[in-house]
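The values are calculated or read from the model by the stated rules, or taken from the named source; none is laboratory data. Nothing here was measured: the structure is a model prediction, and the numbers come from that model. For neighbour counting, all protein chains shown are included, and Cβ atoms are generated from backbone atoms with ideal geometry for every residue, glycine included. Areas reflect the complete protein model, heavy atoms only, side chains present, ligands, DNA and RNA absent. Shrake-Rupley method; radii C 1.70, N 1.55, O 1.52, S 1.80 Å.
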Amino acid sequence: MTAGRTHKTDKTHKTHCPYCALQCGMEIGTGREIRITPRTDVPANASGALCQKGWTAAELLTNGSRLTTPLLHGEPVAWEAALDHVAARLSEIRAEHGPDAVAVFGGGGLTNEKAYTLGKFARVALGTSQIDYNGRFCMSSAAAASIRAFGMDRGLPFPVTDLAGADVVLLAGANVAETMPPFVRHLEGPRAIVVDPRRTPTARRAWLHLQPAPGTDLALALGLLHLVVAEGLVDEAYVAGRTSGFEEVRTSLASWWPERVERITGVPVYRMRQAVRALAAAGRAYVLTGRGVEQHAKGTDTVTAFVNLALALGLPGRHGSGYGCLTGQGNGQGGREHGQKADQLPGYRRIDDPAARAHVAGVWGVAPESLPGPGRSAYELLDALGTPGGPRALLVFGSNPLVSAPASERVAGRLAGLDLLVVCDVVLSETAARADVVFPVTQWAEETGTMTNLEGRVLLRRRAVEPPDGVRSDLEVIAELAARLGHRFPSRPREVFDELRRASAGGAADYSGITYERVEAGPGVFWPCPEPGHPGTPRPFLDRFATPDGRARFVPVGHRPPAEEPDEDYPLHLTTGRVLAHYQSGAQTRRIAPLVRAAPEPFVELHPDLAERLGIRPGDVVRVSSRRGEDRAPARISDAVRRDTVFMPFHWEGVNRLTNPALDPMSRMPEFKVCAVRVERDS
Ligand code: SF4
């Protein structure tokens, strides 16, 4: 069931990192041992930098915990038997309960080809509307806000290298020094203003750190914009020429005077003034948002408030300035474009748009009316599993929801109530360990496929090493299941990509002019790229935004408190985030020895005053409880965190037992970033 490999021929292969959305370029040398070296021809890390996760990525390929045999109820079984069993059970469940009784859960790390095929498999082979993916937990609030403001969601609508030429960059809720360290090289020139409730490594390097209470970033953004207006710093010519809706926003700001915002956020007025004056004085400036402002029950409005700030300062759609959302997962951008979202068809089309349905149905060779409508969002889907009227079977690809979903104990109960749980994974993740059937699949350097990085640049990851005996690609698994359900699906990545290009043609994320040859020949191609000779679109908003009138839209938004506020029983805020050595649910990185040595276990970070009040010393095991569950971890005492807040990293099973599944009404993203907890020394 496990694999360890060496390679006899000395060769190097150009590829990209298996982890985050920066998709740093690297070369894999496959001699007796697999070696990783950074590339300098990829703009994201042209400095030759990789983070600790990238440097150690080769260990993923030889890791002893690798799965190489399908498992049926925990026992090794032949591929054909496992595929036959799953197809038969899916047919039975569909016959008995209808097509929506089968659900699919994808991931933001899957290649474009896999994300596309998964969406097609759900709608065509299974006929289910019940498909969503873990990217709903990561990027959906910024996506919703960007579509609302700009008519299009492309994380960074400019090359990442543009940032180096800026005078000032405001980073709201993004700890890039830990999540994607090579990105920091692009920020060495500009002054950085960091908005974060913790004094993170990114905040420590910043020129200015604004440290709001968790769940109050929206109020802070409103206060900053109030000051821009009050101090006459609005770029009136830009607002008049390139935007709509500002007067309504200007009126709505009247009640967000700075002293009130200081009372709500804890950020002193003079610091807010410093921030807006620096931004307004800059010739070139950027506003960037990350998960910290998104993962709230009001995440879409919070991002919108920062977009409004950027628009009032005249930044988006200008060469050398702009607004951008920092995507997290490796293919977070591409993963949200090709149809594994509940409400979406390939090319970033809406599933409820008749023209989009007709186009995609034509490519798929089915009748438009046979395509299901929108399904449940990720958490709502997980919460419906096994309930009356909810799905009875779940197929999981590239995700570990038992660790990454909020209220994870509740999710565990829902998974236990299923008639069939199938997981495709590389290792026995926490979710795979509970599955009825596990399919062992190829990963990263063992397979070819495209990824779309945080800039919207489409990249090719070529197969560099032979996969271990016994594993198949997700595309092969899907094609085999589809065949057993009466459908012929391609399983070769290039063939799938060519179909994806046709399906995306005419959509917002138009890939029709992108080919493997073009992507391989240079440092990738930016979408939209609507025809073969088209150069791609690095900066899509320079002339007009993607709205019907070409103007960016201001949208008035108001602050409201978090869904759950501290009270007598649960008197502290909990906020969650990442550490340098680990990635997402940790299914990969918690198996890499140097990363485990660097960060072996979760922790609870507390302010020294809070620790003293609770009688907690460094290393004491601390019990953290919320209304949904409890978790234990050693204490780490640090004044990087506020006195009213504790921080826990989310890479280990446990912390999401605590988090609140309150959803943003527009993006349906859960409120991972703030909930109320009680903290005690565990005696
Ligand atoms: Fe990989 Fe991201 Fe680290 Fe680059 S920053 S090496 S892409 S994990």
Report summary line: The helices (runs of 4 or more DSSP H) lying entirely within region 284-369 that contain at least 3 residues which are more than 16 Å from the ligand (Cβ to nearest atom) and among the small types (Gly, Ala, Ser) are 299-312, 354-364
Report summary line: Matching residues in region 132-153 (more than 16 Å from the ligand (Cβ to nearest atom), open to solvent by less than 10 Å² (accessible area, probe 1.4 Å) and in a loop (DSSP other than H, G, I, E, B)) number 1
Report summary line: Scanning region 551-584 residue by residue, those open to solvent by 40 Å² or more (accessible area, probe 1.4 Å) and among the β-branched types (Val, Ile, Thr) turn out to be none
Report summary line: Counting only helices (runs of 4 or more DSSP H) entirely within region 161-250, those with at least 3 residues that are open to solvent by 20 Å² or more (accessible area, probe 1.4 Å) and away from the ligand (no atom under 16 Å from the Cβ) are 217-230, 236-242
Requested in this report: For residues that are farther than 18 Å from Val303 by Cα and assigned to a helix (DSSP H, G or I), scanning just region 251-263, find the one that is most open to solvent (accessible area, probe 1.4 Å).
Outcome: Arg263
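A quick yes/no check of all residues on (1) small (Gly, Ala, Ser); (2) surrounded by 19 or more Cβ atoms within 10 Å (Cβ to Cβ); (3) in a strand (DSSP E or B); (4) within 11 Å of the ligand (Cβ to nearest atom):
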{"residue": "Leu22", "(1), (2), (3), (4)": "no, yes, no, yes"}
{"residue": "Asp41", "(1), (2), (3), (4)": "no, no, no, no"}
{"residue": "Ala44", "(1), (2), (3), (4)": "yes, yes, no, yes"}
{"residue": "Gly48", "(1), (2), (3), (4)": "yes, no, no, no"}
Report task. Taking Gly533 as meeting all but one of (1) closer than 17 Å to Pro157 by Cβ; (2) open to solvent by 30 Å² or more (accessible area, probe 1.4 Å); (3) over 24 Å from the mean Cα position of the chain (by Cα), write down the number of the exception. Result -> (1)
Query raised in the report: So Ala88 clears everything in (1) within 16 Å of the ligand (Cβ to nearest atom); (2) at pLDDT 95 or above except one condition, right? Which one?
Result: (1)
Query raised in the report: Restricting attention to region 280-309, which residues are buried (at least 24 other Cβ atoms within 10 Å of the Cβ) and under 15 Å from Arg539 (Cβ atoms)?
Result: Tyr286
Query raised in the report: Which numbered condition trips up Ala635, out of (1) small (Gly, Ala, Ser); (2) crowded, with 21+ Cβ neighbours inside 10 Å; (3) within 26 Å of Asn400 (Cβ to Cβ)?
Result: (3)
Query - Residue count for region 57-85, restricted to those that are closer than 23 Å to Glu447 by Cα and either more than 16 Å from the ligand (Cβ to nearest atom) or open to solvent by 20 Å² or more (accessible area, probe 1.4 Å) (or both) - result: 16
**Report entry** Residue within region 480-492 that is buried (at least 16 other Cβ atoms within 10 Å of the Cβ), within 17 Å of Tyr116 (Cα to Cα) and within 23 Å of the chain's Cα centre (by Cα) present
**Finding:** no
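In region 654-682, what count of residues is obtained for those that are open to solvent by less than 20 Å² (accessible area, probe 1.4 Å) and either without any contact (Cβ under 8 Å) to a residue 40 or more places away in the chain or of a type outside the set (S, T, N, Q) (or both)?
Number satisfying all stated conditions: 13.
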Report summary line: Every listed condition ((1) assigned to a strand (DSSP E or B); (2) closer than 26 Å to Arg494 by Cβ; (3) within 13 Å of the ligand (Cβ to nearest atom)) holds for Pro18 save (1)
Report task. Would you tally the residues in region 359-394 being open to solvent by 10 Å² or more (accessible area, probe 1.4 Å) and closer than 22 Å to Arg488 by Cβ? Result -> 11
Query raised in the report: Does region 25-39 contain at least one residue that is outside any loop (DSSP other than H, G, I, E, B), open to solvent by less than 20 Å² (accessible area, probe 1.4 Å), away from the ligand (no atom under 13 Å from the Cβ) and among the small types (Gly, Ala, Ser)?
Result: yes
Report task. Return yes or no: is Gly106 within 14 Å of Val477 (Cβ to Cβ), touching a Ser or Thr at 6+ places or on another chain (Cβ under 8 Å) and more than 16 Å from the ligand (Cβ to nearest atom)? Result -> yes
